[in-house]
Every structure is written in structure tokens, then in C-alpha cells.
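Participant: Supplied in C-alpha cells, the structure appears directly below.
The values are calculated or read from the model by the stated rules, or taken from the named source; none is laboratory data. Not measured: the values here are computed from a predicted model. Cβ atoms come from the backbone with ideal geometry, glycine included; neighbour counts cover every protein chain shown. Surface areas here come from the heavy atoms of the whole protein model, side chains and all, with no ligands, DNA or RNA. Shrake-Rupley method; radii C 1.70, N 1.55, O 1.52, S 1.80 Å.
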Amino acid sequence: MTDDSLTITTRQGRIEGALEPGGVRVWRGVPYAAAPVGASRFTAPAPHPAWNGVRAAKAFSPISIQPALAGVPPREGIDEDCLYLNVWSPRQAQDLPVLVWIHGGGYFVGSGSTPVNNGSALAENGPSVVVTLNYRLGARGFLDLSMLNGAAGRFETNLGLRDQIAALNWVRDNIREFGGDPDRVTIFGQSAGGGSVCCLVASPLARGLFGAAIAESPPANSVFDRERAAEVTGRFLAQADLPAATFNDVLAADPADLVGASGRVLDEITDVYPGHHAFQPVIDAEVLLDTPIRSIAVGHGSSVPLMIGSNEDEGSLFAGPPMPRLIPTSQVDIDRFLEQDHPDVAARVRSAYVNHGRWGNGVALGGDGMVTAPVTAIAEAMSAHAPSYVYRFRWSNADLEGKRLGAPHTIDVPFVWGTLDQFALTALVSPGDDSAVALSRTIQNAWLSFAKKRTPLVDEVGWAPYSPRAREVLVFDRACSLERDPGGRQREAWGSFAS
């Protein structure tokens, strides 16, 4: 495609987009799969039917069914009919690299249409084609109902991941019409979106659908085996007043009742299994053959260039209300997390965090155990198959330090997207301090160069691939630099996560 047309012909039909204020073209609410409703509520996504005429693609679609955070309904509305994506493309786009974003939100909230993920800046600065998407969340996306009577042939696991794979198939089949190169697709995501990226890299079902991957702060080891998934399902059904349910009972349940039960079981699981979300990917011998770390180590999935990293203070955001305890930071949660998930190294890990971490041992240990240590393990596993690049986001400001947050979970997102004014915790740009703006440009350049050439470029810093010998990590701060094995003692205490 070489013109500035807003009307595009996809395999399902023609769509008409709009212009962003800066002139980037955008198509919102483009269906990539059929509505997962009725009998299809718990099955893998199916192709969307074709349509006649020109379909308007100027407004975001409803987002996946989820609780309204702080009691405020999302601007787009929520609906089971949620399998839509959005595309940003600059004018005169042709054979550009493609960036496909998978949003975070603990696998139970979020969407591809939040203001912080506006694709205009990435599309224009690349130039590149940017895609964001919705996928099924919570019980619809990640609850394992396979053990229920009547589920055979009518239920499939890991529906949220299957939705993401369906969206990538849509990108492969259609993105050239938007000026994108289907042979230069990079998937990227943060938090649960980063965890999804790790799962897609590990999944044989996603092989060949992308050529590079970026995982930002992924809880890469937070997956369930079938036994624990079945226990979570039992707890969910009890919360939904369906303790002896058949699959038909769940299929017929009111969506609002399922959302209410989802919220209650989220709290319950953070008590019972700290370090896990109630709804997260399941090792099902189809989408996931094993944990992402072990699967990547043995080459089950895609051996593609990988960029992966964490923030300096991943756990600080979850050290007190109003945030849910998605990362364990209290002594009770830390003890249970280590005893259940890391019994062989629990004593060693505890000793490595004595008087460690600027916001307390538990904040540092929980953030490392959930995010930073698995990030290093993923990078090391991939380094045997393809180049992997590891970063640490360390930038902070006086307000974040005063709130005892430092560089918390999620802070990197507006820097990647160039949407610094959309960060909710504090103002990132203040009078006399333009370091955030400069760092955002640096990070965007790194992400975009990786999407174009599979090598992340940072001015005046030679960012070499990660290796178990050198362990070089790029630190994003007011001045970027390479550090060798930051937090090495703690990394050694956690081990490889591959056993």
C-alpha cells in the first residue's frame, strides 16, 4: 500500500478508518475473530464472517468483560463480543515493521484502547505499523473448565492466549494492506501482556507468527499446572454458588454473576497462593507444553530475538492498598510464596535479602521472585537459541521516591509509547526536569530499532546480547549504561527456575 487511503480491504471486507490529530491513520474496533458468545463462549476463536459494503472503523470496540475499576465503567463499555483490534499506520506506509501490543492487567482487566497505549507516536516515529488488541480475560480467558461434566468438545483451555494467536493470524493475513510487512512482526507486552509474550514465544501454536518479541516486566513463571488450575476452578465455582456445576450450568450463568465471582476468587487466590493470579495461563499440553522458562530452554516454541526486562522496584506498587496483592510483599505472603513455589531455595533466598532493597526486604524479594529473577531465567534460556537482550528500568523522580515507589511496576509503559502525560501515579515531566522526555525518546528508539533490525540501539552504549558469561544488562536511567549482573547475589539465590 502506498497511498493515504483510509479505506482498506481486509479478507473479511472493507473498513474505513480516521486520522489522528497528528495525521497518523487509525482503524479502531476491527474484528479479528467471531464474537465468543453463546455456545462459543468457552471455545477457541473462529474466523469473523465476511461483510458487504464498508464497515466504519472509527470508534473503539467494547472491551472484554471485567470488573469496573474504582466503580467507573470503561469509556468503551464492556461486552462478551470483544475480539477486536486497532491499527495505527503513518501516511505513505509500505513494508514497515509491525509492532503488536498485548496489554497487561493481571489477566483479568485491561484493553487495547487505553489512552496510554495510543499508537500514534510509535507509528510516526518508527515509522511502523502498530496494532493493539483485546482478548478474553478472567474466567472467560483463563479458567480451566475441562474437568466439568459436559465440557468435552465444548471447552478449550487458555482462551486468552488463543485469542492472541488468532489476532496474530489476522495480522499475518491483512497487515500488508495497512502498509506493514508481515515478515517483520514484533510482539510486545507488559505485565500480564509480557507474561503472554513469554507464553507465545514458548507455544508451538504461535510459531511462525512473529519474528521478534519484547517482554516488559513479565510474571513469566506464573502459570498453573492442571492440578492447581482445577483447584482454582473449584474455588471459583464455590464463589459463584455453583459448587456442583456442570459445563452447561457455567455456560448458562449470567455474565454479571461470573464477574462478581471472579473478583471474590481473585482475593482468595492471593491469600492461598501468593505470587499467582486466579486467572493465568495453564500448562495444557497444547498451547503450553510446560512453563515458558522450561519450554524456551528446550526449544518448544519460537527461537526469535528477544528483548526482556524489569523495573528496579517491581514490588513497591503492591506494598499497600489500594492495589491488589499481585506481587507478594508482606512477610506472611513471602513465606507462603517461598514455601509453595520455591521450597528448595527458600532459605538461600531469604539470606540473600537480609537488609536488601530500599523499600524493605519483602518488597525487593517479591518483585524479584515474581518478575526480575524469571526475566533473567528467560533470557538465559533463550540465549542458547537466539539473541536475547536484558534491560533494567531505573529512572525515578522526587515524587515517586517520596511515595516509596521508586521505579515501580508499569512505569515503563508511557516511556515506550510516548504518552508520558497518561501515567496515573505522578507527573513524569516537571519544570526544569526534561529527563523523562529524553529517556522516552531513547526507549522508543531502542524498541523501534529492535522491531526493524532485531538489534536494540541505545546512543553511545553498545548493548550486547545477554549471555551466562557476561550477564550484561542495559540500565535505562537519566544516563543509560551497561551493568554486569546487577543484583547478582540475589539472581544466584533464585537459581534458573528450570528444574
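Participant: Return the loop-located trypsin sites (Lys or Arg not before Pro) in the range 33-122 (DSSP other than H, G, I, E, B) with at most 12 other Cβ atoms within 10 Å of their own Cβ; answer none if there are none. Display every interim value, and only then the final one.
Facilitator: Values: sites: R41, R55, K58, R75, R91; in loops: R41, K58, R75, R91.
Hits after loop and neighbour filter: R75.
Participant: By average Cβ neighbour count within 10 Å, what is the ranking of 265-272, 200-207 from highest down?
Facilitator: Details: 265-272: 18.0, 200-207: 22.8.
In decreasing order of mean packing, 265-272, 200-207 become 200-207, 265-272.
Participant: Sort the following peptides by mean Cβ neighbour count (other Cβ atoms within 10 Å, averaged over residues), highest first: 333-339, 218-224.
Facilitator: Per-residue mean Cβ counts within 10 Å order the peptides as 218-224, 333-339.
Participant: How high is the relative contact order of the range 159-232? Use alpha-carbon pairs under 8 Å, at least six apart in sequence, and give a whole percent. The partial results should precede the final answer.
Facilitator: Working: 83 pairs, mean separation 23.2, N = 74.
Across the range 159-232, relative contact order equals 31 percent.
Participant: Sticking with this structure for a sec: Out of residues 5 or more away from Y389 or on other chains, whose amide H comes under 5 Å of its own, with H placed 1.01 Å from N in the peptide plane?
Facilitator: L306, M307, I308, Y466
Participant: Oh, and also: Using each residue's phi in the range 363-370, evaluate 6.51 cos²θ - 1.76 cosθ + 1.60 at θ = phi - 60° and report the 3J(HN,Hα) Karplus result to the nearest Hz, with x for Gly and Pro.
Facilitator: Each residue's phi maps through the Karplus curve to give 5, 5, 5, x, x, 5, x, 7 Hz.
Participant: As a test, work out the antiparallel percent of DSSP beta bridges whose residues both lie in the range 20-168, rounded to the nearest 5. Write down the numbers at each step before the final one.
Facilitator: Working: 9 of 15 bridges.
Around 60 percent antiparallel, to the nearest 5.
Participant: List the residues whose amide H sits under 5 Å from the amide H of A151, counting only those 5 or more places along or on another chain, with H placed 1.01 Å from N in the peptide plane.
Facilitator: When sequence neighbours closer than 5 places are left aside, the close amide H contacts are F247.
Participant: What list of ³J(HN,Hα) couplings, whole Hz, do you get for the range 20-34 from phi and the Karplus terms 6.51, -1.76, 1.60, once you set θ to phi - 60° and write x for glycine and proline?
Facilitator: Computed from phi, the couplings for the range 20-34 are 6, x, x, x, 5, 7, 9, 10, 10, x, 8, x, 10, 7, 5 Hz.
Participant: Please report the relative contact order for the range 116-183, taking Cα pairs under 8 Å with a sequence separation of at least 6, and give it as a percent rounded to a whole number.
Facilitator: Numbers: 49 pairs, mean separation 18.2, N = 68.
Here the relative contact order equals 27 percent.
Participant: Okay, moving on. Please report, in cubic angstrom per residue, the volume enclosed by the convex hull of the alpha-carbon atoms of the chain. Working shown, then result.
Facilitator: Values: hull volume 67.3 nm³, N = 499.
Given the Cα convex hull of the chain, per-residue volume reads 135 Å³.
Participant: Separation of the range 247-280 and the range 1-69 by C-alpha centroid, Å?
Facilitator: One Cα centre to the other: 29 Å.
Participant: For the range 487-492, take each phi angle, set θ = phi - 60°, evaluate the Karplus expression 6.51 cos²θ - 1.76 cosθ + 1.60, and give the result in whole Hz per residue in order, putting x for glycine and proline.
Facilitator: Per residue, the Karplus-derived 3J(HN,Hα) values read x, x, 5, 5, 4, 4 Hz.
Participant: Where the accessible area of the chain is counted over protein heavy atoms with a 1.4 Å probe, how much of it, in %, is carbon and sulfur? Could the numbers behind the result be given before it?
Facilitator: Numbers: 9200 of 18280 Å².
So the carbon and sulfur contribution to the accessible surface is 50 percent.
Participant: Testing the spin-label approximation: label points 7 Å from Cα along Cα→Cβ at N149 and D477. State their distance in nm.
Facilitator: 6.2 nm
Participant: Let me ask something else. Roughly what would the spin-label model give for S40 and R358, points 7 Å off Cα along C-beta, in nm?
Facilitator: Here the answer is 5.0 nm between the modelled labels.
Participant: Out of all DSSP beta bridges in the chain, what portion is antiparallel? Express it as a percent rounded to 5. Each step should come with its number before you reach the end.
Facilitator: Values: 20 of 55 bridges.
Restricted to the chain, the bridges split so that about 35 percent are antiparallel.
Participant: What residues have an amide H closer than 5 Å to that of R14, excluding those fewer than 5 places away on the same chain, when H is modeled at 1.01 Å from N in the peptide plane?
Facilitator: R55
Participant: If we count every other residue with Cβ under 14 angstrom of S191's Cβ, Lys/Arg +1 and Asp/Glu -1, where does the sum land? Intermediate results must be reported in sequence, preceding the final value.
Facilitator: Numbers: positive: none; negative: E216, E314, D412.
That sum, taken over residues with Cβ under 14 Å, equals -3.
Participant: Nearest 500 deg cm²/dmol is fine: what mean residue ellipticity at 222 nm does the chain get from its DSSP H runs of n ≥ 4 alone, each adding -39,500 (n - 2.57), divided by its residue count? Before the final figure, lay out the partial values.
Facilitator: Details: 16 runs with 156 residues, N = 499.
That calculation yields -9000 deg cm²/dmol at 222 nm.
Participant: Label points 7 Å out from Cα along the Cβ direction at R226 and V54: separation in nm?
Facilitator: Spacing of the two 7 Å Cα→Cβ label points: 5.1 nm.
Participant: A further question follows. Counting only heavy atoms of the protein chains, get the accessible area per residue of the chain (1.4 Å probe) and round it to a whole Å² value. Can you show the working numbers first?
Facilitator: Values: 18280 Å² over 499 residues.
It amounts to 37 Å² per residue over the chain.
Participant: Using a Förster distance of 56 Å, how high is the FRET efficiency between T455 and T246, based on the Cβ-Cβ distance and rounded to 0.05? Intermediate results must be reported in sequence, preceding the final value.
Facilitator: On the way: r = 53 Å, r/R0 = 0.95.
For R0 = 56 Å, the calculated efficiency reads 0.60.
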